[in-house]
Each structure stands twice: as C-alpha cells, then as structure tokens.
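The structure appears below as structure tokens.
The values are calculated or read from the model by the stated rules, or taken from the named source; none is laboratory data. Being a predicted model, the structure only gives us computed values, none of them experimental. Because the Cβ atoms are built from the backbone with ideal geometry, glycine has one as well, and the counts that use them run over all protein chains shown.
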C-alpha cells in the first residue's frame with residue numbers, strides 16, 4: 001500500500017512538473033498604425049481555442065529579456081501572453097537615467113499611458129485562440145502603475161496584477177471605473193512606493209468597492225522579482241527569492257480564480 005501511495009505521489013509530481021514546463025511558441029509582434037510597437041507574443045505550443053490571455057506590461061527598462069522571461073513564465077501556466085511595448089518600436093533606454101525619463105513621461109501623462117496600453121490590449125484580443133472574456137493585465141514596476149491605469153480607464157478585463165508597482169493616482173475618482181479584481185504584490189519596505197501611496201490606493205479601492213487584495217512581503221524592497229537587481233536592500237531595489245516565489249504563486253492562484261468565474 002505504501003509503495004502504491006509513493007508511486008501515485010511521484011506520478012502527480014512528474015505530471016505537475018510537466019504541466020509547468022510546457023513547450024512554448026514565441027515571436028516578435030509588430031502592431032500599431034501611425035505609431036509602431038513591437039511586443040513579444042508567447043503561448044504554449046498546444047494552445048487551444050478560447051484560451052485565457054494576459055497583457056504583460058514591462059518595467060522602466062522597456063521590453064527586455066527580463067520582460068520576456070516573465071511572459072514565458074506565465075505562458076507556461078497555459079496562457080497566451082502579449083508582453084506589450086508601450087514606449088514604441090526601437091525605443092530602448094540605455095541606462096537608468098533614460099529609463100527614469102521615459103517612465104516619468106508616462107506617469108505624468110496618464111491619458112497617454114492609458115491610450116498606449118489600450119492599443120496593446122486591443123492587439124491581444126485580435127490574436128487567434130484568445131478568449132476575449134478572460135483577459136488579465138499584469139505589470140512590473142511602472143508597468144504595475146500602467147496595469148492599474150488601464151483598469152481605471154474602464155477596460156473590460158477580469159483581473160489586474162501588479163508586482164512592485166506604483167500605486168499612486170492623480171485621479172482617484174477614476175477607481176469607480178474599475179471592473180476588474182485587483183491583486184497588488186508589494187514589498188513591505190519598498191522606498192519607491194511610500195506608505196501614503198499605499199494608504200491612498202486602499203482608500204480608492206474601498207471607496208469604489210473594488211474587489212482587491214494587497215499582499216505585503218516582509219524584508220522586501222522594490223524590484224523583488226528581478227535577479228539583476230542584486231540582493232542589497234539598502235539600495236532600495238533588490239531581488240528576493242522568497243517574495244518572488246510567493247508572489248508568483250499568488251498570481252497563479254488569482255488567475256485561476258478570476259478566469260474560472262469570468263462571465264462569457
């Protein structure tokens with residue numbers, strides 16, 4: 001009996017590992033008319049019709065190998081993922097100074113930010129096999145800010161996930177437009193997202209009766225999903241293996257929940 005139980009456990013483990021290591025098919029996707037964008041589309045090779053999809057929004061460094069890695073991570077769960085390019089084709093910050101300038105451009109012009117992301121969401125909806133009733137938006141750093149802005153614009157999406165994203169809003173009344181469930185994955189000691197922004201975000205969600213979750217990870221600063229950030233918390237941005245793992249599991253569970261309950 002014990003051998004049978006052990007064999008069953010091993011079988012379940014092997015099946016789980018296989019399911020989470022699905023072979024992917026990926027490509028560069030150019031879109032837009034007057035302005036061109038160059039995204040990264042990735043999905044399981046065995047993708048089926050009416051598959052839930054995720055619009056993934058990059059951090060301040062643009063659409064880099066880091067963004068593609070995170071996109072593939074979600075695609076291996078069985079989703080179609082478009083890593084959006086909201087800076088524009090050929091616009092790649094050379095360093096953090098250029099990245100800060102570009103990010104600031106969009107953070108100070110939320111309409112422009114929303115418009116660029118809405119175009120990317122529309123492009124995702126056009127992709128073969130995407131279930132338009134089961135869409136989520138996930139973002140990292142300034143991409144997290146963008147994910148929330150898309151929701152605040154009234155976008156018809158099932159869920160929003162932010163990883164170490166900015167939470168501030170110049171127009172908190174726009175929270176009334178949010179149709180999506182919201183999951184915020186936040187470093188408890190992130191110096192780039194001050195406590196006043198966290199409190200204002202929660203006030204916005206409560207005032208507008210948004211179904212939201214705010215998860216704070218202890219001893220965790222900004223960029224906790226990015227290995228390239230190093231591991232020195234004193235710099236304000238650092239990778240945290242435990243918070244990276246826990247946050248992705250939280251995102252995985254959240255996606256399973258929202259897509260299961262999404263209305264056709």
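Restricting to segment 35-76, name every residue that is in a loop (DSSP other than H, G, I, E, B) and more than 14 Å from the chain's Cα centre (by Cα).
Within segment 35-76, 35, 36, 45, 46, 47, 48, 49, 50, 61, 64, 76 meet the criteria.
So that you can scan it fast, the table gives a plain yes or no per residue for (1) in a helix (DSSP H, G or I); (2) more than 18 Å from the chain's Cα centre (by Cα); (3) crowded, with 21+ Cβ neighbours inside 10 Å:
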position: 97; (1), (2), (3): yes, yes, no
position: 117; (1), (2), (3): yes, no, yes
position: 120; (1), (2), (3): yes, no, yes
position: 146; (1), (2), (3): yes, no, yes
position: 184; (1), (2), (3): no, no, yes
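For residue 165, are the conditions met, namely being in contact with a strand residue (DSSP E or B) (Cβ under 6 Å, 6 or more places away or on another chain) and in a helix (DSSP H, G or I)? Steps first, answer last, please.
On the way: in contact with a strand residue (DSSP E or B) (Cβ under 6 Å, 6 or more places away or on another chain): yes; in a helix (DSSP H, G or I): no.
So residue 165 does not fit the description; no.
Right, residue 83: over 25 Å from residue 255 (Cβ atoms), buried (at least 18 other Cβ atoms within 10 Å of the Cβ) and within 18 Å of the chain's Cα centre (by Cα) or not? Before you say what the answer is, go through the steps one by one.
Values: over 25 Å from residue 255 (Cβ atoms): no; buried (at least 18 other Cβ atoms within 10 Å of the Cβ): yes; within 18 Å of the chain's Cα centre (by Cα): yes.
The answer is no for residue 83.
Quickly run through segment 208-242 and pick out the residues that are within 16 Å of the chain's Cα centre (by Cα) and at positive phi.
Quick first cut of segment 208-242, residues within 16 Å of the chain's Cα centre (by Cα) only: 212-215, 222-226.
223, the sole residue that qualifies.
Kindly evaluate residue 134 against the criterion of being modelled with pLDDT of 95 or more and loosely packed, with under 15 Cβ neighbours inside 10 Å.
On the way: modelled with pLDDT of 95 or more: yes; loosely packed, with under 15 Cβ neighbours inside 10 Å: no.
No.
Just to check your reading of the model, which residue among 164, 92 is modelled with pLDDT of 95 or more and out of contact with any helix residue (DSSP H, G or I) (no Cβ under 6 Å at 6 or more places or on another chain)?
From the options 164, 92, the qualifying one is 164.
For (1) touching a strand residue (DSSP E or B) at 6+ places or on another chain (Cβ under 7 Å); (2) farther than 28 Å from residue 52 by Cα, each residue gets a yes or a no:
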residue: 213; (1), (2): yes, no
residue: 218; (1), (2): no, yes
residue: 221; (1), (2): yes, yes
residue: 229; (1), (2): yes, yes
residue: 238; (1), (2): no, yes
residue: 251; (1), (2): yes, no
residue: 255; (1), (2): yes, no
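If you scan segment 210-247, which residues turn out to be touching a residue at least 60 places away in the same chain (Cβ under 8 Å) and touching a helix residue (DSSP H, G or I) at 6+ places or on another chain (Cβ under 7 Å)? I'd like the intermediate steps shown before the answer.
Here is the first cut: in segment 210-247, the residues touching a residue at least 60 places away in the same chain (Cβ under 8 Å) are 222-226, 228, 247.
Matches in segment 210-247: 223, 224, 225, 226, 228.
Return yes when residue 206 is part of a helix (DSSP H, G or I), over 20 Å from residue 111 (Cβ atoms) and out of contact with any strand residue (DSSP E or B) (no Cβ under 7 Å at 6 or more places or on another chain) and no when it is not.
On the way: part of a helix (DSSP H, G or I): yes; over 20 Å from residue 111 (Cβ atoms): yes; out of contact with any strand residue (DSSP E or B) (no Cβ under 7 Å at 6 or more places or on another chain): yes.
Taking the combined requirement at face value, the residue satisfies it.
Criterion first (at pLDDT 95 or above, within 17 Å of residue 129 (Cα to Cα) and in a loop (DSSP other than H, G, I, E, B)) does residue 82 satisfy it?
On the way: at pLDDT 95 or above: yes; within 17 Å of residue 129 (Cα to Cα): yes; in a loop (DSSP other than H, G, I, E, B): no.
Judged against the criteria, residue 82 is not a match.
Condition (residue is part of a helix (DSSP H, G or I), under 19 Å from the mean Cα position of the chain (by Cα), touching a residue at least 12 places away in the same chain (Cβ under 8 Å) and closer than 19 Å to residue 62 by Cβ) applied to segment 135-143: is it met by at least one residue? I'd like the intermediate steps shown before the answer.
From segment 135-143, those part of a helix (DSSP H, G or I) are 142-143; that's our starting set.
With under 19 Å from the mean Cα position of the chain (by Cα) added as a condition, the list becomes 142-143.
The next check asks that each one be touching a residue at least 12 places away in the same chain (Cβ under 8 Å); those that pass are 142-143.
Subsequent filtering for residues that are closer than 19 Å to residue 62 by Cβ retains 142-143.
Yes, the conditions are met somewhere in segment 135-143.
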